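These notes are about the structure you will find just below.
The values are calculated or read from the model by the stated rules, or taken from the named source; none is laboratory data. Bear in mind that the values here come from a model prediction, so they are computed numbers and not experimental data. Virtual Cβ from ideal backbone geometry, glycine too; neighbours counted across all protein chains shown.
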Amino acid sequence: MKSTFANIVSSLPADYADLRFEENRKIRIGYEGKELTEVATTLTSGGHVRVYAHGGKAISSFSDPGKAGPIADATCTSAILVGNSRDKKLRVASAPVITEDFLITPVRDPRTVSLKEKLDLTAHYNDIILQNPHVITTQTMYDEFTSRRIFVNSDGSIIEYELINVGVFGMIVTKKGSVVQRVRFAFGGNTDFSPLLGREEDVRKQITKAVELLDAEPAKAGIFPVVLDPSESGVFIHEAFGHLSEADGLQNNPSFRAKLQLGITLGKPILNVTDDATLPGLPGSYEIDDEGVRGMRTPLITRGVLSGRMHSRETAAEFGEPLSGNMRAVDVQCTPIVRMSNILIEAGDSTFDDMVRSIDNGYYLVGAKGGQTSGDQFTFGAQWGYRIVNGQLGNMVRDINMSGELFSTLQATSMIGDDVRFGERGGCGKGGGGPMQMNRKSGKGSPHIKIDAVTIGGI
Amino acid sequence: MHPLLENAKRTVDQAEMYWNQSHSIVVRYENYRLQQVTENDVSEASLRVIQNGKIGSAYAVFPNQEGFLDNAVTGAQYGDPVSYSFAGKADYPKLDNYSEATAQLKSSDLIEVCESIKTKLQKQLPDVALGIGASCERSELTIQTTQGANATSKSTGASFYFGAPFKGAGVGVFKSRSGIAPQVADGALLDEFVTWYNWGNQSSTPSTGRLPVILAPEAAFLMMMPLLAGVSGEAAWKKTSPLTQRLGEKILSDKLTIYENPLLAGNTDARAFDDEGVPCAKRAIVERGILKEFLFDQRVGAAMSTPSTGNGFKRTMFGSGNETSISPWFCCPTIEPGDTSWHDIVKGIKEGLLITNGMGFHSGNFPQGQFAVQAVGFHIINGAVVGRLDKTMISGNIYQDCLDVAAVSRDVGLCSGFLPLGTAPYVLIDSLQVAGK
């Protein structure tokens, strides 16, 4: 199959072409409350072809590998149509030719674990949650994704590689009177089954928070200084800055491209931000991206100065910047887009206590709850928080969403802790001009940080 | 009956097959330049089986993919007992959701649609980073069960969008249209885009406090998604819905009547049957503010001893499609229009907000009716827009704040955001909490 696909892309009258063929297997086990709602296996296969010709680009996805040849031909015709209409031609940066396989050998391979063991494990954690009298329902999921991919391109690369991601995650729902609260839990999130075992205490800690939230106060609306815990600050740097460092989002946005020239100062010298696919055992770790480029470490902010960017081969050529190996697609129906691998704020030298002591009236916000970004505007939630009054932690608060603007917020990041932690479960949604791709393999890490002013939406 | 079902019938007690084949073309412009053509030809199938009273599921590319039936049967070995059967034979409402003209569209036709938008807007807004897209799709969905359901639908959809961020800003204005038949951008839509874009040349931040807020159709999801979470039969069953035990009570303003209308003519999301092969029907969910009905699929309906309302869909907040589990969802939610022009609603506001989007909605406690989002839209002072909103959040709870609705426009637009496609008017809420200056 590899040589057939390689012949297809190399015979096209194209500037560049590649083809990715995938065989994917997913296992999903889901509990909602006492009910086992799903034990499901998904088997999918199919291909995706990309063609650059006459300076234009076209892409196609297909289910039937027997149609790969005619579909590649038709895609090439479309690329020529696009190219002939463009004054500014698209091209791809040169990249090393790779003829190597990248197969994964986890400590304990989830593919070798029986369905029964996975089911029992999911039921075990779900039962622990249901034992608490304040819990009215749960969502407990076992989620396993394995993918075997072939990548060939017209440069001569022929690569076979694997992706594995396995985790247990869910939601604890508690109720007291009319107040209903939800707290998330997640563990695993990389290639290894072992970290899913023995996590009872982690689950119980989250249950305690979900119960405590029932007596918490809603957050007040206004502008406040905040301390973010590592999971919150990981989401902050991912949403607020990371997405604006993905070059495909800047490629056609002249005003942000002008604002984000390499070398500009974005934050204080204490701020260092990196994207790193080579860190072992994290959700966004990988050897090779879906464009046949090796994953690597890319410094993005160095001592407060914009020092790098995440690229595709196309954007690297257009920006005249180095390749970064950040092109990834979640499945065959999706084209690769520029994605963060593992983004992190590097450790500083402040302590958590220093940060709290420095605030007279603000919040300590804990637990990532997702976020959204558009250009330089960002919003993200916290699972719970605490008032900070006169340098001391105060009452617990709930229902917290905050927003801000990237450039002023990076400048307002005034203290960075020495306690870097990565979230176990990755996740990121991005469309990139196409359908939304929910990517499990996107890690976020950070120490505690202090931001001098963010807008909090509350009562 | 499909051979897979014939085969399954010999192995399991019941089986249900969902099979969708689609062909789509998308063209995309960035900065007034044709950027990319995408053409997809995809087949996907799911299979649910009941064996010895337990249910199992499997998903695949083709129904005849190796291992498809075996995986579903294995799932059923471990699955929970089910108290319902797959859908039986039914008469489905007639729904015309196929256009041969759309089925015949080629990428060159979509390029023509984009070029017409480009030509008009490039004259008026030459310096903006305008993105334009047009797409068409034809698909054939088949749902068959061993119990006799045989639902098939041949449908088409065509759409376009265009939009641009405000200069130097992270947010902007976007407009779109979609329908069964080929779509062309009319002059009124293009003019409205230019007006809105120019409104955003200045930014403006309101003061912190309570202010009147207009939800444009594009922002109707801020009210409708919490409502969907509340009227989901599943939330009622699990007692997580704030609407549990509130059937027949006033939950929203009497100016609001909300239908679930899967048979909405011309709508690309319209359906004669749900993803379990149960017939769909138009239903009043909220009538003059009174809660009338919850939505059920077969699983939740059985748990609540009530029939499915035909709302078992493979949808979630972040996506839809073959691999998504079935749960009760809106198909085409519609808010009934009022009798005021939305322009007149704006003119009547001393200080307030026109909201066109809300960022970060999914991070909030929306299943309880709450939202706290970064406000995207415009600041109104003395009946006129003074600029785009900047550094502003709005928050509230629909079951408190939407009890007081001052006006509902006669103009309607397509819902967007997290919702399936429905229609909504402009809704003026008396006041919401605003975090600004």
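Considering each residue of the stretch B:34-54 in turn, at least one proves to be out of contact with any helix residue (DSSP H, G or I) (no Cβ under 7 Å at 6 or more places or on another chain) and under 20 Å from residue A:55 (Cβ atoms). Every listed requirement among (1) of a type outside the set (S, T, N, Q); (2) touching a strand residue (DSSP E or B) at 6+ places or on another chain (Cβ under 7 Å); (3) under 17 Å from residue B:56 (Cα atoms); (4) buried (at least 19 other Cβ atoms within 10 Å of the Cβ) is met by residue A:36 save one, (2).
Taking the condition of being over 21 Å from the mean Cα position of the chain (by Cα) and surrounded by 19 or more Cβ atoms within 10 Å (Cβ to Cβ), how many residues in the stretch A:319-351 meet it? Matching residues across the stretch A:319-351 total 2.
Taking the conditions exactly as written (within 11 Å of chain A (Cβ to nearest Cβ) and touching a residue at least 60 places away in the same chain (Cβ under 8 Å)), does residue B:400 satisfy them or not? Answer is no for this residue. Hey, could you check the stretch B:89-138 for residues that are hydroxyl-bearing (Ser, Thr, Tyr) and without any contact (Cβ under 8 Å) to a residue 24 or more places away in the chain and say which is nearest to residue B:24 (Cα to Cα)? Ranking the candidates gives B:108 first. Taking the stretch B:382-437 as the range and being part of a loop (DSSP other than H, G, I, E, B) and among the hydroxyl-bearing types (Ser, Thr, Tyr) as the test, the residues that pass are B:392, B:416. Taking every residue in the stretch B:239-250 that is within 9 Å of another protein chain (Cβ to nearest Cβ) and pairing it with any residue that is in a loop (DSSP other than H, G, I, E, B), at least 6 positions away or on another chain, the pairs with Cβ-Cβ distances below 6 Å are B:242/B:369. Remark: pairs (first residue in the stretch B:50-67, touching a residue at least 40 places away in the same chain (Cβ under 8 Å) and within 7 Å of another protein chain (Cβ to nearest Cβ); second residue among the β-branched types (Val, Ile, Thr) and surrounded by fewer than 17 Cβ atoms within 10 Å (Cβ to Cβ); Cβ separation under 7 Å; 6+ apart in sequence or on different chains) are absent. Taken as a whole, the condition of being β-branched (Val, Ile, Thr), under 23 Å from residue B:417 (Cβ atoms), in contact (Cβ under 8 Å) with a residue 60 or more places away in the chain and surrounded by 20 or more Cβ atoms within 10 Å (Cβ to Cβ) applies to residue B:173. Does the stretch A:398-406 contain at least one residue that is more than 11 Å from chain B (Cβ to nearest Cβ) and either in contact with a Leu (Cβ under 7 Å, 6 or more places away or on another chain) or small (Gly, Ala, Ser) (or both)? No.
Against the numbered list (1) under 30 Å from residue B:79 (Cα atoms); (2) surrounded by 24 or more Cβ atoms within 10 Å (Cβ to Cβ); (3) facing another protein chain (nearest Cβ under 7 Å), residue A:42 comes up short only at (2).
None of A:229, A:248 is in contact with a Leu (Cβ under 8 Å, 6 or more places away or on another chain), farther than 30 Å from residue A:114 by Cβ and buried (at least 19 other Cβ atoms within 10 Å of the Cβ) except A:229. The criterion of at least 1 residues that are modelled with pLDDT of 95 or more and on the phi < 0 side of the Ramachandran plot is met, among strands (runs of 3 or more DSSP E) falling completely within the stretch A:307-417, by A:342-345, A:361-374, A:377-389, A:392-398, A:413-416. Looking across B:155, B:135, one residue alone is among the small types (Gly, Ala, Ser) and away from chain A (no Cβ under 14 Å). It is B:155. In the stretch A:53-105, which residues are in a helix (DSSP H, G or I), more than 8 Å from every other protein chain (Cβ to nearest Cβ) and among the hydroxyl-bearing types (Ser, Thr, Tyr)? Of everything in the stretch A:53-105, just one residue is in a helix (DSSP H, G or I), more than 8 Å from every other protein chain (Cβ to nearest Cβ) and among the hydroxyl-bearing types (Ser, Thr, Tyr), namely A:77.
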